[in-house]
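The values are calculated or read from the model by the stated rules, or taken from the named source; none is laboratory data. Bear in mind the structure is a predicted one, so any value in this text is a computation, not a measurement. Heads up, the Cβs are rebuilt from the backbone with ideal geometry, glycines too, and the neighbour counts pull from every protein chain shown. Heavy atoms of the whole protein, side chains included, go into the accessibility calculation; ligands, DNA and RNA do not. Shrake-Rupley method; radii C 1.70, N 1.55, O 1.52, S 1.80 Å.
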Amino acid sequence: MEPKRIREGYLVKKGSVFNTWKPMWVVLLEDGIEFYKKKSDNSPKGMIPLKGSTLTSPCQDFGKRMFVFKITTTKQQDNFFQAAFLEERDGWVRDIRKAIKCIEGGQKFARKSTRRSIRLPETVDLGALYLSMKDTEKGIKELNLEKDKKIFNHCFTGNCVIDWLLSSKSVRNRQEGLMIASSLLNEGYLQPAGDLSKNAADGTAENPFLDNPDAFYYFPDSGFFCEENSSDDDVILKEEFRGVIIKQGCLLKQGHRRKNWKVRKFILREDPAYLHYYDPAGGEDPLGAIHLRGCVVTSVESNPDATKKSEEENLFEIITADEVHYFLQAATPKERTEWIKAIQVASRTGK
């Protein structure tokens with residue numbers, strides 16, 4: 001019998017020979033991880049055995065590259081993967097850890113629901129804490145703050161972070177709060193905004209995080225931007241990033257000229273409604289943006305430019321108000337439906 005497929009999807013993998021990061025279709029099996037150059041490929045480009053392997057997450061080996069985890073095999077070979085967002089990485093990590101544990105115990109992998117209360121481990125779960133901090137009702141409030149004739153949008157102060165940690169009973173005192181906040185900063189869950197917080201983060205101080213009302217920070221996927229003396233074009237560009245992120249992940253996108261398909265990381269924002277796409281292997285600036293106001297998005301059953309049957313699966317099309325056509329491909333029918341519904345919601349924001 002073939003090993004059971006537990007999870008599959010696009011991740012960015014670091015090359016084992018060259019120091020390059022490339023998107024791969026990754027399949028988690030009961031006994032190993034296969035990775036393919038494309039989902040439609042019949043044979044994997046490589047395979048990582050899980051027996052005796054160890055998993056490290058979050059992985060801090062690459063500075064500000066976020067949502068990375070590492071698998072080290074029994075032969076001491078390191079394999080690095082990067083997810084598109086926090087929840088995606090944590091989902092992969094949970095399943096890989098469980099698969100390794102099942103191999104060690106001679107058990108079959110099976111998902112079991114449980115209603116037992118979850119006890120926090122002795123070590124703080126930074127990922128869970130980050131999600132609590134971002135909660136729209138009980139989390140840290142994002143503000144527009146002004147300093148040195150600049151306006152920092154979607155951010156908050158250092159002392160607000162420590163105040164929140166104390167009020168949520170996540171820490172016992174401000175010193176402990178500084179340690180936790182510094183860990184969140186080092187892991188990339190928080191980012192410094194402004195010279196004061198950036199200088200502290202780049203310095204050699206024991207705590208790179210500042211419990212200070214003049215030190216500004218922001219969540220990496222919040223839509224943060226800084227306004228200062230700028231041209232009209234800059235203001236228009238920044239307007240695209242004001243919207244709150246409502247969905248993100250990797251999809252295949254068809255090029256307009258060569259009609260070839262490439263994996264892109266997409267970030268969907270509403271109010272104003274924009275779909276930005278990025279090189280998933282890195283880079284802070286988007287490769288392009290789709291303005292969704294007045295757009296039409298529909299499922300597509302076939303692609304006139306497809307050369308293989310696999311290129312016709314789970315397609316959908318966005319037609320903008322300017323009648324520009326974008327063809328995108330999801331990994332599953334469910335994922336396609338979720339993206340279509342989210343884009344339809346965003347397109348109704350009217351901006």
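If you filter the range 75-87 down to residues that are open to solvent by 40 Å² or more (accessible area, probe 1.4 Å) and at pLDDT 85 or above, you find that the one that is nearest to TYR130 (Cα to Cα) is ASP78. With the structure loaded, tell me whether GLU284 is at pLDDT below 95, exposed (fewer than 14 other Cβ atoms within 10 Å of the Cβ) and within 22 Å of MET66 (Cβ to Cβ) or whether it fails that test. In short, yes.
Scanning the range 146-170 for residues that are of a type in the set (A, V, I, L, M, F, W, C) and modelled with pLDDT of 90 or more turns up CYS155, PHE156, CYS160, VAL161, ILE162, TRP164, LEU165, LEU166. The number of residues in the range 312-351 that are within 15 Å of ARG269 (Cα to Cα) and of a type outside the set (Val, Ile, Thr) comes to 10. Scoring SER182 on the criteria (1) within 21 Å of LEU143 (Cβ to Cβ); (2) surrounded by fewer than 22 Cβ atoms within 10 Å (Cβ to Cβ) leaves a single failure, condition (1). So for the range 54-74 (the condition being modelled with pLDDT of 90 or more and open to solvent by 70 Å² or more (accessible area, probe 1.4 Å)), does at least one residue qualify? Checking the range 54-74: at least one residue is modelled with pLDDT of 90 or more and open to solvent by 70 Å² or more (accessible area, probe 1.4 Å). Residues of the range 29-52 that are under 20 Å from LEU252 (Cβ atoms), open to solvent by less than 70 Å² (accessible area, probe 1.4 Å) and either modelled with pLDDT of 90 or more or of a type in the set (Asp, Glu) (or both): GLU34, PHE35, TYR36, ASP41, PRO44. Residues of the range 180-196 that are farther than 16 Å from GLN60 by Cβ and out of contact with any helix residue (DSSP H, G or I) (no Cβ under 7 Å at 6 or more places or on another chain): ALA193, GLY194, ASP195, LEU196. Go through (1) modelled with pLDDT of 85 or more; (2) open to solvent by 20 Å² or more (accessible area, probe 1.4 Å); (3) assigned by the TED database to the domain that holds ALA330 and name the single condition PRO213 misses. Single failed check for PRO213: (3). When you scan the range 223-244, do you find a residue that is within 30 Å of LYS38 (Cα to Cα), touching an Asp or Glu at 6+ places or on another chain (Cβ under 9 Å), assigned to a strand (DSSP E or B) and modelled with pLDDT under 90, even just one? Looking for residues that are within 30 Å of LYS38 (Cα to Cα), touching an Asp or Glu at 6+ places or on another chain (Cβ under 9 Å), assigned to a strand (DSSP E or B) and modelled with pLDDT under 90, one finds none in the range 223-244, hence no.
Of the residues making up the range 4-56, those that are among the basic types (Lys, Arg) and either in the same structural domain as ALA281 (by the TED database) or under 14 Å from ASP95 (Cβ atoms) (or both) number 3. Of the residues making up the range 1-33, just one is within 15 Å of GLN82 (Cα to Cα), without any contact (Cβ under 8 Å) to a residue 40 or more places away in the chain and out of contact with any Lys or Arg (no Cβ under 8 Å at 6 or more places or on another chain), namely ASN19.
Scanning the range 141-162 for residues that are within 12 Å of ALA193 (Cα to Cα) and open to solvent by less than 50 Å² (accessible area, probe 1.4 Å) yields LEU145, PHE152, ASN153, HIS154, CYS155, PHE156, THR157, GLY158.
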